[in-house]
1. On a 0 to 90 degree scale, rounded to 10, what angle separates helix 278-287 from the longest Cα axis of the chain?
2. With charges set only on the Cβ (+1 for Lys and Arg, -1 for Asp and Glu), what does the dipole of the chain come to about its Cα centre, in debye to the nearest 20?
3. Looking at the square roots a ≥ b ≥ c of the eigenvalues of the Cα gyration tensor of the range 176-322, which shape do they give, rounded for a/c under 1.5, prolate if a/b is larger than b/c, or oblate?
4. Over the range 7-105, what relative contact order in percent results from Cα pairs under 8 Å that are six or more residues apart?
5. How high is the relative contact order of the chain, in percent, counting Cα pairs under 8 Å that sit 6 or more residues apart?
6. Need one word for the range 1-117: rounded, prolate or oblate. Basis is the Cα gyration tensor (sqrt eigenvalues a ≥ b ≥ c); a/c below 1.5 gives rounded, then a/b vs b/c decides.
7. Using Cα pairs closer than 8 Å and at least 6 residues apart in sequence, work out the relative contact order for the range 124-268, in percent.
8. Classify the range 102-242 as rounded, prolate or oblate from the Cα gyration tensor: take a ≥ b ≥ c as the square roots of its eigenvalues, call it rounded if a/c is under 1.5, otherwise prolate when a/b beats b/c and oblate if not.
Amino acid sequence: MTKRGLTEKRTTDKEIALERTMVTRHYLMTWDLDRCVGCQIGPLVCPKEAVLHVDGEIVDGRLVKKSSIDIDADKCVLCGMCEVMCPKNAITLTINGTRENPVLTYEAFPDLIQSTVFDREQFDWSRKDFVIDNCPTEVISYDEPGDTLLVDDAHCIRCRQCEVASDGAFQVSQPWEGSVELRSEKCVEGCLACADICPTRALHVDEEGALALADYYCIKCGACMQVCPVKAEYAEYEVTIESQGVTKTVTHQRVTNAEDLPVWVERWRVQHTPVQSAAWITALTQMADDKAGSVEIDRTRALRRRDLLKALVGGRALLGEE
């Protein structure tokens, strides 16, 4: 039994759980370690530095133990910021047994704007199994009574592979806009760890056994940078920002060796509902780069790119290349 007012931590190979029992409130927060890829977002967004990155293990260039996270129970205040921002939907927070997030309830954080929509009339049904098989989180299923494809929206990571696999019958709106760049010439020879940790096929091993990038599938989680043996170096600086009428000066970190990194992920902006909150501005400053003028990959052109289709399982056969 959890002692009243204190946080109890339980850890297994599959899950980290923090539980706190108050007089009228019972908090339970869990991290699904199977879903977690040890990305950048959790450590960056946490205001108390309670989310700790845990390195994976690389042997002969392959990831034999994936990256993950740990939680400092003494620092965690169960605020829910990491749950809102987790790109893998690996975190669950309940209060009195019901899903509730304090930073959303008290409007300290916004809801992220994201969606996955299926147009069955536009769909080539000969691709049904191809689409289902290429969902990396297995959230797409066939509903026989309705003769349609259903999406488990709560666990969809908005990777956009269904868009390409369905030739546009799915339309996905990602919360983050940004970019990813692969510089293979800077990689440690033989290392494919970033492809092993990537939750989508943005980074993958192609048919020749080489590391390849399908940039359209990137969800900007930054797990690849975390696992890469060539590490980013940082310098701190102060920045004053204004959003929704709130101005705040915060300490930010800038990568000083970006040009030397084999893989480089940038997050420019995030789609969200309106919010006026210094907590949100601080978190956004930690997570996002100052790239307001940048333009993301165009969806229409992405659907015509053969390299994106070839990155999917069975994509080469669909193109008649096998």
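1. 40 degrees
2. Working: 37 positive and 53 negative charges, 163 e Å.
Once rounded to the nearest 20, the dipole reads 780 debye.
3. Working: a/c = 3.07, a/b = 1.64, b/c = 1.87.
It is oblate, given that a/c is not under 1.5 and a/b is not larger than b/c.
4. Working: 184 pairs, mean separation 27.3, N = 99.
Computed over the range 7-105, the figure is 28 percent.
5. For the chain, the relative contact order is 17 percent.
6. Numbers: a/c = 2.07, a/b = 1.35, b/c = 1.53.
Oblate shape, in that a/c is at least 1.5 and b/c is the bigger or equal ratio.
7. Details: 216 pairs, mean separation 31.2, N = 145.
Once normalised by length, the contact order is 22 percent.
8. Details: a/c = 2.67, a/b = 1.26, b/c = 2.12.
Because a/c hits 1.5 or more and a/b fails to exceed b/c, the range 102-242 counts as oblate.
No lab work stands behind these numbers, since they all come straight from the coordinates. A quick note: this is a predicted structure, and the numbers were derived from the prediction, not measured. Reconstructed Cβ throughout: ideal geometry from the backbone, glycine too, with neighbour counts over all protein chains shown.
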